[in-house]
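J.: Can you read through this structure? Questions will come right after.
All of the numbers you see were taken from the coordinates with simple rules; none came from a lab. Predicted model only: the values in this text are computed from it and were never measured. Methodologically, a virtual Cβ is constructed for each residue, glycine included, from the backbone with ideal geometry; neighbour enumeration extends over all protein chains shown.
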Amino acid sequence: MKTLTVFALVLSLQTCISSTPPVDNSDAAWEPQAEVQDSYKKAYFASGCFWCVEAIYESVRGVQEVYSGYAGGFTKNPNYSQIGTGRTGHAEAVEVIYDPKIVSFGTLVQVFFGSHDPTTPNRQGPDYGSQYRSIAFHTSDQEREIIQNYIALLQEKEIFSSEIVTEIKPLEKFYYAEEYHQDYEKNNPDNPYVRQVSIPRLRKFQNLYPELLKEDD
């Protein structure tokens, strides 16, 4: 009985990769249809399984939309199956569309470091591989400086007991993930990974930063 229990637990703690449907390459070129207002800005982060990260940023006040995708690598037009090999150079990432009148890029960086462990190289929770590494992307010198200054502050205050291994990289290209990955946590609440990893991670963030949340969260 104990053996069966352990086996069941292992199955339930599948990684983000193993609990998804098979990849349909015809869907790999999906892009959002909604137009982005000129007054909104975009930010890009990678901090583990994008199902989790997308849900976290969706809960932040001032964030209008979040899309899952791939960034940081060298393979053109990657799909989920290729990402899972860890040989594309890309990480699972999110595009955060936000209203700078409500939430600043600096606050989004705070959310980034406050919602994952930036000291674990090529791993986040049960998910491991270079596709799950920690990356804070920047699209301007100002954003790069904000990220660098925040890391320096975290290190000065010794918030983490280990060295921060987050990469700071200029965004070269963001590839949108297949459509079924978008809003995955919201659309698949009974998925074992979502129940046991994604939702607890979201709740932990919400408990730590209630002042940053949308009113309906």
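J.: Length gain on complete extension for the stretch residue 187 to residue 167, per 0.36 nm per residue less the alpha carbon to alpha carbon distance?
T.: Details: separation 20, 0.36 × 20 = 7.20 nm, distance 3.05 nm.
So the extension gain works out to 4.1 nm.
J.: Is the shape of the range 40-211 rounded, prolate or oblate, going by the alpha carbon gyration tensor and its root eigenvalues a ≥ b ≥ c, with a/c under 1.5 for rounded and a/b larger than b/c for prolate? Walk me through the numbers before you get to the answer.
T.: Working: a/c = 1.25, a/b = 1.15, b/c = 1.09.
Rounded shape, in that the Cα axes give a/c under 1.5.
J.: If you don't mind, there's one more thing I want to ask. Just going by the charge dipole of the chain, with Lys and Arg at +1 and Asp and Glu at -1 on Cβ, which of 79, 142, 48 is farthest out on the positive end?
T.: Going by the charge dipole, the pick is 48.
J.: Just rank 211, 92, 65, 163, fewest to most, by other beta-carbon atoms within 10 angstrom.
T.: 211, 163, 65, 92
J.: How many nm is it between the label spots at residue 215 and residue 36, if each spot is 7 Å from the Cα in line with the beta carbon?
T.: 2.7 nm
J.: I need the calculated FRET efficiency for the pair residue 77 and residue 203, taking r as the beta carbon distance and R₀ as 35 Å, to the nearest 0.05.
T.: 0.50
J.: Could I ask something else about it? Counting pairs on different chains as well as pairs 8 or more places apart, how many Lys pairs in the chain have Cα atoms under 28 Å apart?
T.: Here the count comes out as 28.
J.: Helix-only mean residue ellipticity at 222 nm, the chain, DSSP H runs n ≥ 4 weighted -39,500 (n - 2.57), per residue, nearest 500. What is it? Mind showing how you got there, number by number?
T.: Details: 7 runs with 64 residues, N = 217.
Calculated at 222 nm, the ellipticity per residue is -8500 deg cm²/dmol.
J.: Shifting gears a bit: Subtracting the Cα-Cα distance from 0.36 nm times the residue separation, let me have the gained length for residue 140 to residue 155 in nm, one decimal. Spell out each step's value before the answer.
T.: On the way: separation 15, 0.36 × 15 = 5.40 nm, distance 2.30 nm.
Length gained between residue 140 and residue 155: 3.1 nm.
J.: Once the Cβ-Cβ distance between residue 64 and residue 85 is put in as r, and R0 is 30 Å, what FRET efficiency do you end up with, to the nearest 0.05?
T.: On the way: r = 33 Å, r/R0 = 1.10.
It comes out at approximately 0.35.
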